[in-house]
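Working notes, beginning with the structure itself.
The values are calculated or read from the model by the stated rules, or taken from the named source; none is laboratory data. Given the structure is predicted, the values throughout are model-derived calculations rather than measurements. FYI the Cβ positions are ideal-geometry reconstructions off the backbone, even for glycines, and counts take in every protein chain you see.
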Amino acid sequence: MQAFFLAGDAGRRFCLYHPAEGATERGAVIYLHPFAEEMNKSRRMAALQARALAEAGYAVLQIDLAGCGDSAGEFVDADWPAWLADVELAYRWLRERSSAPLTLWGMRLGCLLAVDAAARLPEPANFLFWQPVISGKQHWQQFLRLKLAGELLAGAGTEVVGESASRSLADEPVEVAGYTVNPRLTQALMQAELQPPPRPARLSWLEIGRRQEAGVLPVSQQTIDQWRAAGFVVDAAVVSGPAFWQTAEIEEVPALLEATLQALAGHA
């Protein structure tokens, strides 16, 4: 594993690179992390998966987006165009070292970013989705509920979420759970949808649940059907385990690691 800073026009981006092991390189993977505190909760699983993929013959690049993790900038200054530029930066760096089939691996909000970024890349990309966010607007509203919970504990009224949403749409930053989000990012999230990009490829969709036999969520199945109708080859599965991106303690889901290796075998 190599840890380094990748120089970009908007500052340095912290990266972890896991070179493919073995004689044959099976794929090139870029990991796009989730939003706010979900990123920190997911670091352990992302690291375990990146190492497992490298051992299986995949080159994996993890990048902390602008204002996130150990990259330059403050979270309050982050916006969607900067994050899209970061994906292109990561793509160019990885393509200088690998010509293997490309997969954009998104976790939660990272799936929305992967889809948007894919349309800007010079080649088609396969996708690996971990518990994908389907609607940026819904994800933002759920994030605002953290503010509501804090305000209720402090004795405030339930109108706080509506007021925060109004401020975010009126070009005012909103502070939620220690993260200050600028209105440019908020407005981009409100418009983001998990729509298939114009160049069909493969999509592996993995969700975590308590009952594997229940299958993916109905709203997920609707989106999967849209991707298939657009020409994508889609495989979807549910693995058993905790929702590690939101648990109080750092959790691991071994079944997800194995399912991901099996899914990416099809991409290769």
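As a summary of the residue check, Val216 satisfies the conditions (1) modelled with pLDDT under 95; (2) in a strand (DSSP E or B); (3) touching a Phe, Trp or Tyr at 6+ places or on another chain (Cβ under 8 Å) except for the one numbered (2). Residues considered: Ala229, Ala259, Ala263, Ala214. Of these, the only one that is in the same structural domain as Cys111 (by TED's automatic domain parsing), out of contact with any helix residue (DSSP H, G or I) (no Cβ under 9 Å at 6 or more places or on another chain), free of Cβ contacts under 8 Å to residues at least 12 places away in the same chain and hydrophobic (A, V, I, L, M, F, W, C) is Ala229. If I filter the stretch 209-268 down to residues being aromatic (Phe, Trp, Tyr) and more than 17 Å from the chain's Cα centre (by Cα), which single residue comes out as surrounded by the most Cβ atoms within 10 Å (Cβ to Cβ)? Of everything passing the filter in the stretch 209-268, Trp227 is surrounded by the most Cβ atoms within 10 Å (Cβ to Cβ). The single condition among (1) out of contact with any Phe, Trp or Tyr (no Cβ under 9 Å at 6 or more places or on another chain); (2) modelled with pLDDT under 95 that Arg228 does not satisfy is (2).
Among the residues of this structure, Glu38 does not count as one that is out of contact with any Pro (no Cβ under 8 Å at 6 or more places or on another chain), in the same structural domain as Ala248 (by TED's automatic domain parsing) and surrounded by fewer than 19 Cβ atoms within 10 Å (Cβ to Cβ).
Quick check on Ala7: is it without any contact (Cβ under 8 Å) to a residue 24 or more places away in the chain, in contact with a strand residue (DSSP E or B) (Cβ under 9 Å, 6 or more places away or on another chain) and either among the hydrophobic types (A, V, I, L, M, F, W, C) or not assigned by TED's automatic domain parsing to the domain that holds Arg184 (or both)?
Considered against the rule, which asks whether it is without any contact (Cβ under 8 Å) to a residue 24 or more places away in the chain, in contact with a strand residue (DSSP E or B) (Cβ under 9 Å, 6 or more places away or on another chain) and either among the hydrophobic types (A, V, I, L, M, F, W, C) or not assigned by TED's automatic domain parsing to the domain that holds Arg184 (or both), Ala7 comes out as yes.
If you check Gln195 against the conditions, is it under 24 Å from Phe129 (Cβ atoms) and at pLDDT below 65? So Gln195 fails the test.
Within the stretch 123-159, the set of residues being at pLDDT below 75 and either of a type in the set (Ser, Thr, Tyr) or under 18 Å from Leu112 (Cα atoms) (or both) comprises just one member, Thr158.
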